[in-house]
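Enquirer: Before I ask anything, here is the structure I am working with.
The values are calculated or read from the model by the stated rules, or taken from the named source; none is laboratory data. Keep in mind it's a predicted model, so treat the numbers as computed, not measured. Backbone-built Cβ (ideal geometry, glycine too); neighbour counts: all protein chains shown.
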């Protein structure tokens, strides 16, 4: 493959990551293709080999390449991944790659979700237009319609839809993409917690308070309600952790 790159030299790892991305696109590289050796890339980019090495490790964390000892950097994405996705989707994919590297502490992910959702609900309250709240209100109405005594996987789906809709209302597609990836990681753990009558009733009331704060555009109230709501989930998972695992299939 051609390794000619007419761009001017760069002198930091962050910029070299961008050059690596451009190299993948301009040479139409596919998943599994190998990049040139570090020393060759260093000459091509006009930087030291150590800078290229640091950049490749960063690119690996972003899901662009995989660095293998005595093999080199192997492409983990393709040209289509860059040209067929918008920036928020690419960032979301990178976050998913980072989360998937090793065992991540669930409660660290929940803390990240809390910070993210508090920021997004504040933006949604600042930007809110009543005409934009129709879908959020419809989600709430659909949740309330489900009888408390009926076990329904639809309730859990609507719960996620509620949070993703607030992410959309925030107007920040990158934040929304980040939240979507975090929820994918969290959902299997949430599914283990039964939606009891009390839990569902509490969730409905909490969602209603969040919605009301958005209607009036009260940023501080929206943040407070969202913080309490997310922490109730955190505490529910802590309660689940306190229980010993079921024995012999017992619930």
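Enquirer: What residue, among those in segment 58-95 that are assigned to a strand (DSSP E or B) and surrounded by fewer than 20 Cβ atoms within 10 Å (Cβ to Cβ), is modelled with the highest pLDDT?
Expert: If we take residues in segment 58-95 being assigned to a strand (DSSP E or B) and surrounded by fewer than 20 Cβ atoms within 10 Å (Cβ to Cβ), then 74 is modelled with the highest pLDDT.
Enquirer: Right, next: Look through 199, 194 and report the one residue that is closer than 21 Å to residue 144 by Cβ, modelled with pLDDT under 95 and not in a helix (DSSP H, G or I).
Expert: 194 is the lone residue from the list that is closer than 21 Å to residue 144 by Cβ, modelled with pLDDT under 95 and not in a helix (DSSP H, G or I).
Enquirer: Scan segment 36-57 and tell me whether some residue there is under 26 Å from the mean Cα position of the chain (by Cα) and surrounded by fewer than 17 Cβ atoms within 10 Å (Cβ to Cβ).
Expert: Within segment 36-57 (the criterion being under 26 Å from the mean Cα position of the chain (by Cα) and surrounded by fewer than 17 Cβ atoms within 10 Å (Cβ to Cβ)), the answer is yes, since at least one residue qualifies.
Enquirer: Within the set of pairs 6+ apart or on separate chains, which have a first residue in segment 40-57 that is at positive phi and assigned to a helix (DSSP H, G or I), a second that is crowded, with 21+ Cβ neighbours inside 10 Å and modelled with pLDDT of 90 or more, and C-beta atoms under 9 Å apart?
Expert: Correct list of pairs: empty, since none qualify.
Enquirer: Additional query: Please work out if residue 237 is at pLDDT below 80 and surrounded by 13 or more Cβ atoms within 10 Å (Cβ to Cβ).
Expert: yes
Enquirer: Of all residues being over 14 Å from residue 205 (Cα atoms) and free of Cβ contacts under 8 Å to residues at least 40 places away in the same chain in segment 117-145, which is surrounded by the most Cβ atoms within 10 Å (Cβ to Cβ)? Just the residue, please.
Expert: Taking the candidates together, the pick is 132.
Enquirer: Select, from 206, 224, the only residue that is touching a helix residue (DSSP H, G or I) at 6+ places or on another chain (Cβ under 7 Å) and farther than 22 Å from residue 106 by Cα.
Expert: 206
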